[in-house]
Amino acid sequence: MKNKPPYAVESVDNALRILQALRDSGRLRVSEIAGELGIARSTAHRLLSMLVYRDFAVRAEDHSYLPGPALSAPPLHGYVRLRAELRPHMEALRDQVGETVNLQVRLGAQTRFLCTVESAEVLRVGDRQGTILPAWVTSGGKVLLAALPDAQLTAVLRNAAGPATARWALTDTVRRALITELRQVREQGWAENIEESESGLCAVGMCVRDAGGSAVAALSVAAPAARYSPGKARDLVRALAATVEAAQLETVQLKAAQVENLP
């Protein structure tokens, strides 16, 4: 028999019940959540806002709420070590440029933020760890898409599920423009996000590759639009390129040392 914990945290319990309701119904409104849980509409709205922030829910155009990508995201195997290896490089880059640094991986047509090292500035881009976004609206996602062979890229974009918000919809027009942009990203080796994922946020991203040259992740530097400019972008790209090179060299050396020490 399952008993309720003696020190249950009511807000956590309510958030979990909302997740169960979203999973079961597929679409809910604030009034329905409030009535189901017996809480005020304002409380239901605050709980839903946090679930949206962490990608467990999505707010649709009609103001209802849908299950978010985090509810169906598959587990990530092998990325704990990658995050541990890259974090010191991310911290050094953050200290050098004074902006927030993110580590991202691609899952189909989506990108997941594995780790964030926040800037110390008062006005800064905040923590995105755990966030899942369409790959075509983030700088890290774009470079990872650009690293795909043409046939695989075409298949990934063809099968991309349209997000609930029209802002990120992958229409035929958006897809054609994206493919043109990704060709340029391949040539220059980095991608840019100018307020595509979020108003007031700009970023540059670059792939991190393994010893065989395959793109395994992306590092990005994100800054408030108020501090972003073409000159700032160039400085960030130079610093990011140096960081990626150092991280890749260290990874190769680590793998080489592991091979040499095999019995």
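What to note about this one:
- Two-site FRET efficiency, ALA241 against ASP210, from Cβ-Cβ distance with R₀ of 25 Å, rounded to 0.05: 0.90
- For the peptides 107-115, 38-46, residues were scored by their other Cβ atoms within 10 Å and the scores averaged per peptide; the highest-first order is 107-115, 38-46.
- Net charge of Cβ neighbours under 14 Å - reference ALA215; Lys, Arg +1; Asp, Glu -1: +3
- One decimal place: the segment GLU91-GLU121 gains 9.4 nm when fully extended, by the rule 0.36 nm per residue minus the C-alpha distance.
- Each other residue within a Cβ distance under 12 Å of ASP235 adds +1 if Lys or Arg and -1 if Asp or Glu, for a net charge of +3.
- Cβ-Cβ FRET estimate between ARG227 and ASP24, R0 fixed at 45 Å, reported to 0.05: 0.55
- The mean sequence separation of alpha-carbon pairs under 8 Å and at least six residues apart, normalised by the residue count of segment 126-227, gives a relative contact order of 30 percent.
- Of MET206, GLN188, ALA151, farthest towards positive along the dipole that unit charges on Lys, Arg, Asp, Glu beta carbons give segment 109-211: ALA151
- Residue exposure sequence - TRP136, TRP190, TRP168 - by fewest surrounding Cβ within 10 Å: TRP168, TRP190, TRP136
- Using a simple spin-label model with pseudo-atoms 7 Å out from Cα toward Cβ, ARG234 and SER42 lie 5.1 nm apart.
- Against the chain, whose longest principal axis comes from its Cα atoms, helix 230-260 is set at around 80 degrees.
- Proximal charge balance of ALA147 [Cβ under 13 Å; K/R count +1, D/E count -1]: +2
- Between helix 79-97 and the chain: long-axis angle, C-alpha atoms, 0 to 90°, nearest 10: 70 degrees
- Ranked packing of 90-99, 138-147, most packed first, by mean Cβ within 10 Å: 138-147, 90-99
- Amide H partners (placed H, <5 Å) of THR131, local residues excluded: PHE113
- Under the simplified labelling scheme, the GLN184-LEU16 pair shows an inter-label distance of 4.9 nm, with each label point 7 Å from Cα along Cα→Cβ.
- Unit charges on C-beta of K, R, D, E only; dipole of the chain, Debye: 440 debye
- Arranged from fewest to most other beta-carbon atoms within 10 Å of their beta carbon, SER220, SER31, SER25 become SER31, SER25, SER220.
- For segment 79-260, relative contact order (Cα pairs under 8 Å, six or more residues apart, normalised by length) works out to 22 percent.
- Label selected from (1) 120; (2) 128; (3) 191, the criterion being volume of the Cα convex hull per residue in Å³ as computed here: (3)
FYI, it's all coordinate maths here, none of it is from the lab. Since this is a predicted model, take the numbers as computed values, not measurements. Every residue, glycine as well, gets a Cβ built from its backbone with ideal geometry; the counts of neighbours run over all protein chains shown.
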